[in-house]
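Shown next, in C-alpha coordinates, is the structure this report addresses.
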Amino acid sequence: MLGRNSQYYSLFLLLVDASVLVLALLLSYALRVGYDDRPLVTEVGRTDYFLSLLSILPFWIATFALLGLYSPSTYNRRLSEWGKIAAGSFVGVLLILGWEFVTGESILPARLVAVYALVGSFGLIILERESLRWLRNTLFRYGIGTSRVLLVGSSSALTDLAVNLADTSRSGYEVVAIAGPKRLVPEQLNVSHYPQVESALKFIESNRITTIIQTDMFEDETRNQAVLSAAQTRHISYNFIPGQAEFYTGKNTVDIFLGYPMISVSQTPLIGWGAIAKSIFDTVASFILLIVLSPLFLLLIALQKILNPGPVFYISKRLSQFSRPVDLIKFRSMSATYGKKDAAEEFRDMGREDLALEYTKNRKVENDPRITRFGNFLRKTSLDELPQLVNILRGDLSLVGPRPILPQEAKFSRSRAALLHSVKSGVTGLWQVSGRSNLSFDERIELELFYAQNWSFWLDIKILFKTIAVVLFGRGAK
(Lines give C-alpha, C1' and ligand atoms only; values in the text may rest on other atoms or scores of the structure.)
Protein backbone atom coordinates (compact mmCIF):
# COMPACT_ATOMS: atom_id res chain seq x y z
CA MET A 1 0.00 0.00 0.00
CA LEU A 2 2.13 2.80 -1.33
CA GLY A 3 0.95 6.23 -0.18
CA ARG A 4 2.49 9.67 -0.32
CA ASN A 5 4.44 9.11 2.89
CA SER A 6 5.96 5.92 1.50
CA GLN A 7 6.95 7.70 -1.70
CA TYR A 8 8.64 10.50 0.22
CA TYR A 9 10.40 7.98 2.45
CA SER A 10 11.64 6.04 -0.59
CA LEU A 11 13.07 9.23 -2.09
CA PHE A 12 14.69 10.10 1.25
CA LEU A 13 16.22 6.61 1.43
CA LEU A 14 17.65 7.00 -2.06
CA LEU A 15 19.37 10.28 -1.19
CA VAL A 16 20.74 8.99 2.12
CA ASP A 17 21.95 5.75 0.50
CA ALA A 18 23.84 7.76 -2.11
CA SER A 19 25.51 9.85 0.60
CA VAL A 20 26.43 6.78 2.64
CA LEU A 21 27.91 5.02 -0.42
CA VAL A 22 30.10 8.06 -1.10
CA LEU A 23 31.22 7.99 2.55
CA ALA A 24 31.98 4.24 2.37
CA LEU A 25 34.04 4.67 -0.81
CA LEU A 26 35.99 7.63 0.58
CA LEU A 27 36.73 5.71 3.79
CA SER A 28 37.92 2.73 1.71
CA TYR A 29 40.36 4.99 -0.14
CA ALA A 30 41.57 6.63 3.08
CA LEU A 31 42.10 3.33 4.92
CA ARG A 32 44.27 1.87 2.14
CA VAL A 33 46.10 4.97 0.90
CA GLY A 34 46.38 7.01 4.08
CA TYR A 35 46.92 4.32 6.75
CA ASP A 36 48.62 1.49 4.85
CA ASP A 37 52.32 1.83 4.00
CA ARG A 38 52.39 -0.96 1.41
CA PRO A 39 52.96 0.10 -2.23
CA LEU A 40 49.91 0.87 -4.36
CA VAL A 41 49.06 -0.90 -7.62
CA THR A 42 48.31 2.44 -9.29
CA GLU A 43 48.68 6.02 -8.20
CA VAL A 44 45.18 7.52 -8.20
CA GLY A 45 44.65 11.01 -6.80
CA ARG A 46 41.83 11.77 -4.39
CA THR A 47 40.06 14.08 -6.85
CA ASP A 48 40.26 11.61 -9.76
CA TYR A 49 39.06 8.79 -7.49
CA PHE A 50 36.13 10.86 -6.22
CA LEU A 51 35.00 12.06 -9.66
CA SER A 52 35.20 8.57 -11.14
CA LEU A 53 33.06 7.15 -8.35
CA LEU A 54 30.49 9.92 -8.79
CA SER A 55 30.12 8.75 -12.40
CA ILE A 56 29.42 5.19 -11.24
CA LEU A 57 27.19 6.13 -8.28
CA PRO A 58 23.95 6.55 -10.33
CA PHE A 59 24.36 3.02 -11.69
CA TRP A 60 24.95 1.69 -8.18
CA ILE A 61 21.78 3.41 -6.91
CA ALA A 62 19.90 2.12 -9.96
CA THR A 63 21.01 -1.41 -8.96
CA PHE A 64 19.59 -0.84 -5.47
CA ALA A 65 16.34 0.32 -7.05
CA LEU A 66 16.14 -2.73 -9.36
CA LEU A 67 16.62 -4.97 -6.32
CA GLY A 68 13.61 -3.28 -4.71
CA LEU A 69 15.47 -1.51 -1.90
CA TYR A 70 13.19 1.52 -2.25
CA SER A 71 9.98 -0.50 -2.13
CA PRO A 72 7.96 -0.82 1.12
CA SER A 73 7.80 -4.57 0.53
CA THR A 74 11.57 -4.60 1.10
CA TYR A 75 12.42 -1.83 3.54
CA ASN A 76 9.61 -2.89 5.87
CA ARG A 77 11.13 -6.39 6.11
CA ARG A 78 14.54 -6.47 7.74
CA LEU A 79 15.79 -9.85 6.52
CA SER A 80 14.77 -9.19 2.93
CA GLU A 81 16.39 -5.75 3.08
CA TRP A 82 19.70 -7.04 4.45
CA GLY A 83 19.95 -9.73 1.78
CA LYS A 84 19.31 -7.24 -1.02
CA ILE A 85 21.78 -4.74 0.46
CA ALA A 86 24.43 -7.49 0.41
CA ALA A 87 23.60 -8.26 -3.24
CA GLY A 88 23.56 -4.56 -4.15
CA SER A 89 26.92 -3.91 -2.47
CA PHE A 90 28.50 -6.82 -4.33
CA VAL A 91 27.09 -5.70 -7.69
CA GLY A 92 28.21 -2.12 -6.98
CA VAL A 93 31.82 -3.19 -6.51
CA LEU A 94 31.57 -5.27 -9.68
CA LEU A 95 30.40 -2.12 -11.48
CA ILE A 96 33.58 -0.33 -10.41
CA LEU A 97 35.77 -3.21 -11.57
CA GLY A 98 33.81 -3.48 -14.81
CA TRP A 99 34.18 0.26 -15.42
CA GLU A 100 37.95 -0.08 -15.05
CA PHE A 101 38.00 -2.97 -17.52
CA VAL A 102 35.80 -1.28 -20.15
CA THR A 103 37.36 2.20 -20.02
CA GLY A 104 40.94 1.11 -19.30
CA GLU A 105 41.12 3.76 -16.59
CA SER A 106 42.41 2.95 -13.11
CA ILE A 107 39.89 3.94 -10.44
CA LEU A 108 41.09 1.83 -7.51
CA PRO A 109 44.65 2.46 -6.28
CA ALA A 110 44.80 -1.07 -4.79
CA ARG A 111 42.74 -4.26 -4.79
CA LEU A 112 42.13 -3.95 -1.06
CA VAL A 113 40.11 -0.78 -1.71
CA ALA A 114 37.49 -2.95 -3.47
CA VAL A 115 37.30 -5.24 -0.41
CA TYR A 116 36.98 -2.25 1.92
CA ALA A 117 34.29 -0.79 -0.37
CA LEU A 118 32.30 -4.05 -0.32
CA VAL A 119 32.42 -4.45 3.46
CA GLY A 120 32.04 -0.73 4.14
CA SER A 121 29.08 -0.15 1.81
CA PHE A 122 27.23 -3.16 3.24
CA GLY A 123 27.96 -2.31 6.88
CA LEU A 124 27.27 1.42 6.62
CA ILE A 125 24.06 0.98 4.60
CA ILE A 126 22.81 -1.55 7.18
CA LEU A 127 23.68 0.88 10.00
CA GLU A 128 21.98 3.74 8.16
CA ARG A 129 18.83 1.73 7.42
CA GLU A 130 18.53 0.46 10.99
CA SER A 131 18.96 3.99 12.35
CA LEU A 132 16.31 5.30 9.98
CA ARG A 133 14.00 2.41 10.87
CA TRP A 134 14.34 3.27 14.56
CA LEU A 135 13.75 6.97 13.85
CA ARG A 136 10.76 6.21 11.62
CA ASN A 137 9.15 3.94 14.20
CA THR A 138 9.71 6.58 16.88
CA LEU A 139 8.00 9.20 14.71
CA PHE A 140 5.15 6.77 14.01
CA ARG A 141 4.70 6.36 17.75
CA TYR A 142 3.99 10.08 18.00
CA GLY A 143 1.71 10.09 14.97
CA ILE A 144 4.22 11.73 12.64
CA GLY A 145 4.24 10.42 9.07
CA THR A 146 1.47 7.87 9.65
CA SER A 147 -1.43 7.10 7.34
CA ARG A 148 -4.88 7.64 8.86
CA VAL A 149 -7.01 4.67 7.81
CA LEU A 150 -10.69 4.04 7.19
CA LEU A 151 -11.39 0.28 7.14
CA VAL A 152 -14.40 -0.93 5.17
CA GLY A 153 -15.65 -4.51 5.31
CA SER A 154 -17.97 -7.15 6.71
CA SER A 155 -15.72 -10.17 7.34
CA SER A 156 -13.22 -11.29 9.97
CA ALA A 157 -10.42 -10.02 7.72
CA LEU A 158 -11.42 -6.49 8.79
CA THR A 159 -10.95 -7.33 12.48
CA ASP A 160 -7.58 -8.94 11.88
CA LEU A 161 -6.39 -5.95 9.87
CA ALA A 162 -7.57 -3.51 12.53
CA VAL A 163 -5.72 -5.36 15.29
CA ASN A 164 -2.47 -5.64 13.34
CA LEU A 165 -2.52 -2.08 12.01
CA ALA A 166 -3.21 -0.79 15.54
CA ASP A 167 0.50 -1.19 16.36
CA THR A 168 1.23 2.12 14.68
CA SER A 169 4.93 2.21 15.57
CA ARG A 170 5.45 -0.88 13.40
CA SER A 171 2.76 -0.58 10.75
CA GLY A 172 2.86 3.17 10.10
CA TYR A 173 -0.95 3.16 9.96
CA GLU A 174 -3.41 4.68 12.44
CA VAL A 175 -6.87 3.13 12.33
CA VAL A 176 -9.24 6.09 12.70
CA ALA A 177 -12.60 4.73 11.57
CA ILE A 178 -14.28 1.42 10.71
CA ALA A 179 -17.33 1.01 8.49
CA GLY A 180 -19.00 -2.36 9.02
CA PRO A 181 -20.82 -4.48 11.59
CA LYS A 182 -20.21 -3.46 15.22
CA ARG A 183 -19.19 -7.01 16.16
CA LEU A 184 -16.10 -6.71 13.95
CA VAL A 185 -14.72 -3.66 15.79
CA PRO A 186 -12.03 -4.78 18.30
CA GLU A 187 -13.01 -3.67 21.79
CA GLN A 188 -9.53 -2.41 22.62
CA LEU A 189 -9.50 0.08 19.74
CA ASN A 190 -10.74 3.62 20.25
CA VAL A 191 -12.03 4.34 16.74
CA SER A 192 -15.08 5.89 15.14
CA HIS A 193 -17.59 3.28 14.07
CA TYR A 194 -20.07 3.65 11.20
CA PRO A 195 -22.61 0.86 10.54
CA GLN A 196 -23.03 2.08 6.96
CA VAL A 197 -20.15 2.99 4.65
CA GLU A 198 -22.11 5.97 3.29
CA SER A 199 -21.97 7.58 6.75
CA ALA A 200 -18.23 7.00 7.02
CA LEU A 201 -17.58 8.62 3.64
CA LYS A 202 -19.24 11.85 4.82
CA PHE A 203 -16.62 12.24 7.55
CA ILE A 204 -13.47 11.59 5.52
CA GLU A 205 -12.33 15.22 5.77
CA SER A 206 -13.17 15.69 9.46
CA ASN A 207 -11.41 12.42 10.33
CA ARG A 208 -8.46 13.46 8.13
CA ILE A 209 -8.47 10.07 6.37
CA THR A 210 -5.50 9.49 4.03
CA THR A 211 -6.07 5.80 3.21
CA ILE A 212 -9.15 3.64 2.63
CA ILE A 213 -8.77 -0.14 2.90
CA GLN A 214 -11.71 -2.28 1.78
CA THR A 215 -11.83 -6.01 2.57
CA ASP A 216 -15.15 -7.04 1.02
CA MET A 217 -17.12 -6.00 -2.04
CA PHE A 218 -20.77 -5.01 -1.56
CA GLU A 219 -23.45 -6.75 -3.58
CA ASP A 220 -24.67 -3.33 -4.68
CA GLU A 221 -22.16 -2.17 -7.29
CA THR A 222 -22.97 1.50 -6.69
CA ARG A 223 -21.75 1.26 -3.07
CA ASN A 224 -18.36 -0.08 -4.20
CA GLN A 225 -18.13 2.72 -6.75
CA ALA A 226 -18.97 5.26 -4.04
CA VAL A 227 -16.03 4.10 -1.90
CA LEU A 228 -13.60 4.17 -4.82
CA SER A 229 -14.88 7.56 -6.02
CA ALA A 230 -14.54 9.03 -2.51
CA ALA A 231 -10.85 8.11 -2.55
CA GLN A 232 -10.28 9.28 -6.11
CA THR A 233 -11.97 12.68 -5.75
CA ARG A 234 -10.02 13.41 -2.56
CA HIS A 235 -6.74 12.04 -4.00
CA ILE A 236 -6.19 9.63 -1.12
CA SER A 237 -4.99 6.02 -1.24
CA TYR A 238 -7.48 3.22 -1.90
CA ASN A 239 -6.59 -0.45 -1.32
CA PHE A 240 -8.69 -3.57 -1.72
CA ILE A 241 -7.73 -6.74 0.13
CA PRO A 242 -9.80 -9.74 -1.05
CA GLY A 243 -11.09 -11.98 1.70
CA GLN A 244 -10.53 -15.05 -0.47
CA ALA A 245 -6.95 -16.36 -0.24
CA GLU A 246 -7.27 -17.69 -3.80
CA PHE A 247 -6.68 -14.17 -5.12
CA TYR A 248 -3.40 -13.66 -3.24
CA THR A 249 -1.23 -15.48 -5.75
CA GLY A 250 1.68 -13.65 -7.29
CA LYS A 251 0.97 -15.44 -10.62
CA ASN A 252 -2.25 -13.59 -11.39
CA THR A 253 -2.21 -12.24 -14.95
CA VAL A 254 -4.42 -9.65 -16.60
CA ASP A 255 -5.30 -9.99 -20.27
CA ILE A 256 -8.02 -8.85 -22.69
CA PHE A 257 -10.66 -11.47 -23.44
CA LEU A 258 -13.51 -10.62 -25.84
CA GLY A 259 -12.97 -6.95 -25.06
CA TYR A 260 -13.02 -7.43 -21.27
CA PRO A 261 -10.08 -7.29 -18.82
CA MET A 262 -9.68 -10.88 -17.62
CA ILE A 263 -7.81 -11.93 -14.46
CA SER A 264 -6.32 -15.43 -14.66
CA VAL A 265 -5.60 -16.95 -11.24
CA SER A 266 -2.85 -19.59 -11.21
CA GLN A 267 -2.62 -22.17 -8.46
CA THR A 268 1.07 -21.59 -7.81
CA PRO A 269 4.16 -20.07 -9.45
CA LEU A 270 6.13 -23.18 -8.44
CA ILE A 271 6.15 -24.75 -11.89
CA GLY A 272 8.68 -25.41 -14.64
CA TRP A 273 12.30 -24.56 -13.89
CA GLY A 274 11.38 -23.24 -10.45
CA ALA A 275 10.12 -26.66 -9.39
CA ILE A 276 13.21 -28.37 -10.82
CA ALA A 277 15.60 -25.95 -9.07
CA LYS A 278 13.76 -26.38 -5.77
CA SER A 279 13.89 -30.17 -6.06
CA ILE A 280 17.64 -30.16 -6.80
CA PHE A 281 18.27 -27.79 -3.89
CA ASP A 282 16.24 -30.03 -1.52
CA THR A 283 18.10 -33.18 -2.57
CA VAL A 284 21.58 -31.67 -2.28
CA ALA A 285 20.87 -29.84 0.98
CA SER A 286 19.25 -32.84 2.69
CA PHE A 287 22.10 -35.16 1.63
CA ILE A 288 24.75 -32.77 3.01
CA LEU A 289 22.79 -32.18 6.24
CA LEU A 290 22.34 -35.92 6.83
CA ILE A 291 26.11 -36.43 6.57
CA VAL A 292 27.01 -33.43 8.73
CA LEU A 293 24.39 -34.22 11.39
CA SER A 294 24.97 -38.00 11.50
CA PRO A 295 26.83 -37.82 14.88
CA LEU A 296 23.87 -35.91 16.34
CA PHE A 297 21.49 -38.53 14.92
CA LEU A 298 23.42 -41.35 16.61
CA LEU A 299 23.48 -39.45 19.93
CA LEU A 300 19.73 -38.79 19.83
CA ILE A 301 19.00 -42.43 18.99
CA ALA A 302 21.05 -43.53 22.00
CA LEU A 303 19.35 -41.01 24.30
CA GLN A 304 15.95 -42.05 22.97
CA LYS A 305 16.67 -45.68 23.86
CA ILE A 306 17.73 -44.71 27.38
CA LEU A 307 15.29 -41.92 28.27
CA ASN A 308 12.24 -42.77 26.17
CA PRO A 309 12.00 -46.60 25.91
CA GLY A 310 10.17 -47.92 22.90
CA PRO A 311 10.43 -47.25 19.17
CA VAL A 312 12.99 -44.59 18.29
CA PHE A 313 10.96 -43.12 15.45
CA TYR A 314 7.32 -42.22 15.05
CA ILE A 315 5.82 -42.84 11.60
CA SER A 316 2.73 -40.80 10.77
CA LYS A 317 0.59 -40.87 7.64
CA ARG A 318 0.40 -37.36 6.18
CA LEU A 319 -0.73 -35.78 2.94
CA SER A 320 1.82 -34.01 0.76
CA GLN A 321 1.75 -32.68 -2.82
CA PHE A 322 -1.44 -33.52 -4.77
CA SER A 323 -2.78 -35.01 -1.49
CA ARG A 324 -0.43 -37.99 -1.91
CA PRO A 325 -0.02 -39.90 1.39
CA VAL A 326 3.54 -40.12 2.73
CA ASP A 327 5.09 -41.74 5.81
CA LEU A 328 6.37 -38.82 7.88
CA ILE A 329 9.37 -39.77 10.06
CA LYS A 330 10.02 -38.05 13.40
CA PHE A 331 11.80 -38.87 16.61
CA ARG A 332 9.06 -40.19 18.90
CA SER A 333 8.18 -37.57 21.51
CA MET A 334 5.10 -39.20 23.03
CA SER A 335 4.81 -42.21 25.26
CA ALA A 336 4.84 -45.42 23.20
CA THR A 337 1.18 -46.09 24.08
CA TYR A 338 -0.04 -42.96 22.25
CA GLY A 339 -0.08 -41.71 18.68
CA LYS A 340 -2.05 -44.60 17.23
CA LYS A 341 -5.39 -42.75 16.97
CA ASP A 342 -6.59 -39.22 16.34
CA ALA A 343 -5.41 -36.97 19.18
CA ALA A 344 -8.96 -35.87 20.09
CA GLU A 345 -9.97 -39.50 20.61
CA GLU A 346 -6.92 -40.19 22.77
CA PHE A 347 -7.66 -37.14 24.93
CA ARG A 348 -11.25 -38.32 25.41
CA ASP A 349 -9.96 -41.79 26.37
CA MET A 350 -7.86 -40.01 29.02
CA GLY A 351 -10.94 -38.20 30.30
CA ARG A 352 -9.62 -34.83 29.08
CA GLU A 353 -12.55 -33.41 27.15
CA ASP A 354 -11.01 -29.93 27.57
CA LEU A 355 -7.92 -30.98 25.61
CA ALA A 356 -10.06 -32.72 22.99
CA LEU A 357 -11.97 -29.48 22.40
CA GLU A 358 -8.73 -27.46 22.29
CA TYR A 359 -7.27 -29.85 19.74
CA THR A 360 -10.45 -29.88 17.64
CA LYS A 361 -10.35 -26.08 17.48
CA ASN A 362 -6.61 -25.46 16.92
CA ARG A 363 -5.29 -28.89 15.82
CA LYS A 364 -2.77 -28.58 18.67
CA VAL A 365 -2.75 -28.27 22.47
CA GLU A 366 -0.57 -26.09 24.66
CA ASN A 367 0.31 -28.75 27.27
CA ASP A 368 0.04 -32.24 25.81
CA PRO A 369 0.17 -34.87 28.62
CA ARG A 370 1.12 -37.59 26.12
CA ILE A 371 4.57 -36.08 25.60
CA THR A 372 7.44 -37.47 27.67
CA ARG A 373 10.07 -35.33 29.38
CA PHE A 374 12.72 -36.15 26.76
CA GLY A 375 10.09 -35.78 24.04
CA ASN A 376 9.33 -32.30 25.33
CA PHE A 377 13.02 -31.43 24.96
CA LEU A 378 13.01 -32.79 21.39
CA ARG A 379 9.99 -30.69 20.48
CA LYS A 380 11.21 -27.48 22.09
CA THR A 381 14.51 -27.74 20.24
CA SER A 382 12.81 -28.99 17.03
CA LEU A 383 15.20 -31.96 17.06
CA ASP A 384 12.22 -34.30 16.64
CA GLU A 385 11.96 -32.99 13.05
CA LEU A 386 15.50 -34.06 12.01
CA PRO A 387 14.52 -37.49 10.59
CA GLN A 388 12.37 -35.67 8.05
CA LEU A 389 15.61 -35.04 6.16
CA VAL A 390 15.16 -38.64 5.03
CA ASN A 391 11.68 -37.73 3.76
CA ILE A 392 13.22 -34.87 1.79
CA LEU A 393 15.90 -37.12 0.28
CA ARG A 394 13.19 -39.62 -0.72
CA GLY A 395 11.22 -36.83 -2.41
CA ASP A 396 8.27 -36.98 0.00
CA LEU A 397 8.80 -33.48 1.37
CA SER A 398 10.63 -30.24 0.66
CA LEU A 399 12.77 -28.23 3.08
CA VAL A 400 10.22 -25.40 2.88
CA GLY A 401 6.52 -25.76 2.21
CA PRO A 402 3.08 -26.05 3.81
CA ARG A 403 2.81 -28.31 6.84
CA PRO A 404 1.92 -31.88 5.78
CA ILE A 405 -1.60 -32.33 7.14
CA LEU A 406 -3.21 -35.41 8.61
CA PRO A 407 -5.69 -37.21 6.32
CA GLN A 408 -8.57 -36.35 8.67
CA GLU A 409 -7.69 -32.66 8.50
CA ALA A 410 -8.36 -32.51 4.76
CA LYS A 411 -12.11 -32.73 5.38
CA PHE A 412 -12.15 -29.36 7.16
CA SER A 413 -11.65 -27.51 3.87
CA ARG A 414 -11.50 -29.75 0.82
CA SER A 415 -11.12 -26.94 -1.74
CA ARG A 416 -8.34 -25.29 0.25
CA ALA A 417 -6.59 -28.60 0.91
CA ALA A 418 -6.42 -29.15 -2.84
CA LEU A 419 -4.97 -25.67 -3.38
CA LEU A 420 -2.57 -26.13 -0.46
CA HIS A 421 -1.26 -29.34 -2.01
CA SER A 422 -0.46 -27.75 -5.34
CA VAL A 423 3.10 -27.65 -3.91
CA LYS A 424 5.11 -30.21 -1.96
CA SER A 425 4.74 -30.05 1.84
CA GLY A 426 7.75 -28.94 3.87
CA VAL A 427 9.63 -29.48 7.12
CA THR A 428 9.42 -25.77 7.87
CA GLY A 429 7.16 -23.11 6.46
CA LEU A 430 5.68 -19.66 6.67
CA TRP A 431 3.46 -20.17 9.68
CA GLN A 432 6.27 -21.70 11.78
CA VAL A 433 8.33 -18.51 11.39
CA SER A 434 5.44 -16.04 11.41
CA GLY A 435 6.27 -14.89 14.95
CA ARG A 436 2.75 -15.68 16.18
CA SER A 437 2.31 -18.76 18.40
CA ASN A 438 -1.45 -18.32 18.90
CA LEU A 439 -2.58 -18.87 15.33
CA SER A 440 -5.77 -20.85 14.86
CA PHE A 441 -5.89 -23.75 12.43
CA ASP A 442 -7.66 -21.59 9.81
CA GLU A 443 -5.10 -18.78 10.19
CA ARG A 444 -2.25 -21.22 9.71
CA ILE A 445 -3.92 -22.54 6.56
CA GLU A 446 -4.23 -18.94 5.27
CA LEU A 447 -0.47 -18.37 5.70
CA GLU A 448 0.38 -21.63 4.00
CA LEU A 449 -1.97 -20.85 1.13
CA PHE A 450 -0.16 -17.54 0.72
CA TYR A 451 3.13 -19.44 0.46
CA ALA A 452 1.75 -21.89 -2.11
CA GLN A 453 0.42 -19.07 -4.26
CA ASN A 454 3.37 -16.69 -3.89
CA TRP A 455 6.37 -19.02 -3.91
CA SER A 456 9.76 -17.72 -4.89
CA PHE A 457 13.24 -19.10 -4.29
CA TRP A 458 14.04 -15.95 -2.32
CA LEU A 459 11.01 -16.58 -0.06
CA ASP A 460 12.36 -20.08 0.65
CA ILE A 461 15.75 -18.65 1.63
CA LYS A 462 14.14 -16.11 3.97
CA ILE A 463 12.05 -18.81 5.66
CA LEU A 464 15.13 -21.02 6.13
CA PHE A 465 17.06 -18.16 7.78
CA LYS A 466 14.07 -17.34 9.99
CA THR A 467 13.77 -21.01 10.93
CA ILE A 468 17.34 -20.94 12.22
CA ALA A 469 16.45 -17.91 14.36
CA VAL A 470 13.32 -19.65 15.68
CA VAL A 471 15.29 -22.79 16.63
CA LEU A 472 18.23 -20.92 18.19
CA PHE A 473 16.34 -18.17 19.99
CA GLY A 474 12.92 -19.69 20.51
CA ARG A 475 11.08 -17.05 18.51
CA GLY A 476 8.14 -17.59 16.22
CA ALA A 477 5.24 -20.00 16.18
CA LYS A 478 5.35 -22.93 18.57
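Figures for the structure shown
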read-out: Qualifying position, being among the small types (G, A, S), touching a residue at least 24 places away in the same chain (Cβ under 8 Å) and surrounded by fewer than 16 Cβ atoms within 10 Å (Cβ to Cβ), among S131, S169, S121, S147; value: S169
read-out: Test: residue in segment 340-362 that is within 29 Å of the chain's Cα centre (by Cα) and assigned by TED's automatic domain parsing to the domain that holds P404; value: no
read-out: Test: residue in segment 227-238 that is within 25 Å of Q7 (Cα to Cα), outside the structural domain of R78 (by TED's automatic domain parsing) and of a type in the set (K, R); value: yes
read-out: Residue within segment 64-73 that is assigned to a helix (DSSP H, G or I), more than 30 Å from T146 (Cα to Cα), touching a residue at least 24 places away in the same chain (Cβ under 8 Å) and not assigned by TED's automatic domain parsing to the domain that holds Y173 present; value: no
read-out: Residue within segment 434-442 that is modelled with pLDDT of 75 or more, over 11 Å from the mean Cα position of the chain (by Cα) and outside any loop (DSSP other than H, G, I, E, B) present; value: no
read-out: Yes/no for G180 being under 30 Å from E443 (Cα atoms) and either surrounded by 19 or more Cβ atoms within 10 Å (Cβ to Cβ) or of a type in the set (A, V, I, L, M) (or both); value: yes
read-out: Every residue from segment 91-109 that is touching a residue at least 12 places away in the same chain (Cβ under 8 Å) and in a loop (DSSP other than H, G, I, E, B); value: E105, S106, I107, L108, P109
read-out: Residue count for segment 122-180, restricted to those that are closer than 28 Å to L23 by Cβ and part of a helix (DSSP H, G or I); value: 19
read-out: Evaluation of S316 against (1) under 26 Å from R394 (Cα atoms); (2) surrounded by 17 or more Cβ atoms within 10 Å (Cβ to Cβ) (one fails), failing number; value: (2)
read-out: All positions within segment 204-227 that are under 13 Å from L151 (Cα atoms) and free of Cβ contacts under 8 Å to residues at least 40 places away in the same chain; value: M217
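Rundown of residues vs (1) out of contact with any helix residue (DSSP H, G or I) (no Cβ under 6 Å at 6 or more places or on another chain); (2) outside the structural domain of S456 (by TED's automatic domain parsing); (3) at positive phi; (4) not in a helix (DSSP H, G or I), yes/no style:
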position: L31; (1), (2), (3), (4): no, yes, no, no
position: L40; (1), (2), (3), (4): yes, yes, no, yes
position: A62; (1), (2), (3), (4): yes, yes, no, no
position: L79; (1), (2), (3), (4): no, yes, no, no
position: S89; (1), (2), (3), (4): no, yes, no, no
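Condition check ((1) part of a loop (DSSP other than H, G, I, E, B); (2) modelled with pLDDT of 90 or more) across all residues:
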{"position": "L328", "(1), (2)": "no, yes"}
{"position": "Y338", "(1), (2)": "yes, no"}
{"position": "Y359", "(1), (2)": "no, no"}
{"position": "R403", "(1), (2)": "yes, no"}
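The values are calculated or read from the model by the stated rules, or taken from the named source; none is laboratory data. For clarity, every value in this text was computed on a predicted model and none was experimentally measured. All Cβ positions, glycine included, derive from the backbone under ideal geometry; neighbour counts span all protein chains shown.
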